[in-house]
Structure formats: C-alpha cells, structure tokens
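The values are calculated or read from the model by the stated rules, or taken from the named source; none is laboratory data. Note that this is a predicted model, so its numbers are computed, not measured. Positions of Cβ are backbone-derived with ideal geometry, glycine not excepted, and every protein chain shown enters the neighbour counts.
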Amino acid sequence: MRIAIISATVLVLLSGAASAAEKPLWDKLVDVVIQHIKTNGPDAETGQFMSMARHHAWSRRQEFVSLVVPYLKRALVEAESPMIRQRTAYELVLLRVPEGFRYLQQLTLANPDPEERTRPRPLDRIRQFAIDRLGLPRDTREAAAIAAHIRKKERELCRTQDSGKQDAEQDKSSVRRKPRR
C-alpha cells in the first residue's frame, strides 16, 4: 500500500505542474486508496491513510463506507474471537448498519457468563458503548432496557438513512425530462 501511494505521489510530481483541468494530488491519492481497497480489501495502511487524509477524503466517505461494510459484515459472522465480533458490531453501529445493532441486542439479551468477575463482561462494555455513542441514560443497568434502547436507536438511525435514500430516489423520479425536439 505504501509503495502504491509513494509511486502515485512520485508520478504526480514527475508529471510537472498540475493544470487547472487535472485533479489535485489528494484526489489522486484517494483514487489509489480506493482502488487498493477494491482489489485487496481494507487494511491497516488504508486506515492510516484515511486518518491522514481527513477532509480531503470526506467528500467521498460514502464510497469508502460502501467498500468497507461488506468486509465488516463478514468479520461479524466469521471472526473466531467474541471480542473481535463485538468491536466489529460497534463499527457497524457507527456506520448505521442494522446488523451491528442486531448483534449487540442479541449479545445484550444473551447475558453471557456472569461468572466472569475479573474483567468487564460484554454487557458492561455494550452498556458503556451505548452510553457514549447512543445516548443511553447512565442509570440504565438492566439488559432488557439496554437492548430496547439499542433497538430504538436502530429504528431511528437506520430509518433516517433509508428514508434519505428514498427521498433522493423520489426526487430523481419526480424530475421531468424535457422533450427532445
């Protein structure tokens, strides 16, 4: 990945001064990263680049999300470690993907092994995540109440996202084409 970014940078620099019609350097680098994700999938280096790119990649965030979500969904199903599945679910929730919400609800209601007293149980971690990211009231402690709050947030956040897509589709379909002459 680094070699691809460095080679893209060198090519841009060797090609001379950019004309007004050419893309800015950051756009070219984002294109390289997107191509890398398409061919190899997301990895630590693409994540590092995205953290450095910040506002340069912000306008294309939906493209990145659409490329990364299938990998996260697969990790949620295939990961051997329960901790990896839980962290993946958190990422899916932040991206407003329903599977992340549903996994956290199931894990909350499963109330895993209460004998694990030495470290925080998954319910404790989910509760803290819901407090920090989903606005769960701090005094909520029961698993059923936490799961209900996560379900409510799923409906709010995922419906808003879907309704936004539906509104955009309706806007496109309502635009009348001018007849050809």
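The single residue among Gly100, Gly47 that is free of Cβ contacts under 8 Å to residues at least 60 places away in the same chain, under 30 Å from Gln35 (Cα atoms), in contact with a Phe, Trp or Tyr (Cβ under 8 Å, 6 or more places away or on another chain) and not polar (S, T, N, Q) turns out to be Gly100.
If the condition is being of a type outside the set (Gly, Ala, Ser) and either over 20 Å from Gln128 (Cα atoms) or in a helix (DSSP H, G or I) (or both), then the range 97-111 contributes Pro98, Glu99, Phe101, Arg102, Tyr103, Leu104, Gln105, Gln106, Leu107, Thr108, Leu109. Would you point out the residue of the range 39-83, among those that are touching a Leu at 6+ places or on another chain (Cβ under 9 Å) and within 30 Å of Arg121 (Cβ to Cβ), that is surrounded by the fewest Cβ atoms within 10 Å (Cβ to Cβ)? Checking each candidate, the answer is Pro82.
The condition (being out of contact with any strand residue (DSSP E or B) (no Cβ under 7 Å at 6 or more places or on another chain), of a type in the set (Ser, Thr, Tyr), surrounded by 14 or more Cβ atoms within 10 Å (Cβ to Cβ) and modelled with pLDDT under 95) is satisfied by just one residue among Thr108, Thr88: Thr108.
Taking the range 62-96 only, how many residues are of a type in the set (A, V, I, L, M, F, W, C), farther than 17 Å from Gln106 by Cβ and in a helix (DSSP H, G or I)? Within the range 62-96, residues that are of a type in the set (A, V, I, L, M, F, W, C), farther than 17 Å from Gln106 by Cβ and in a helix (DSSP H, G or I) number 6.
Within the range 121-145, being loosely packed, with under 12 Cβ neighbours inside 10 Å and among the basic types (Lys, Arg) holds for Arg138, Arg141. The requirement of being among the hydrophobic types (A, V, I, L, M, F, W, C), part of a loop (DSSP other than H, G, I, E, B) and either over 15 Å from the mean Cα position of the chain (by Cα) or at pLDDT 95 or above (or both) is fulfilled somewhere in the range 121-136, by at least one residue.
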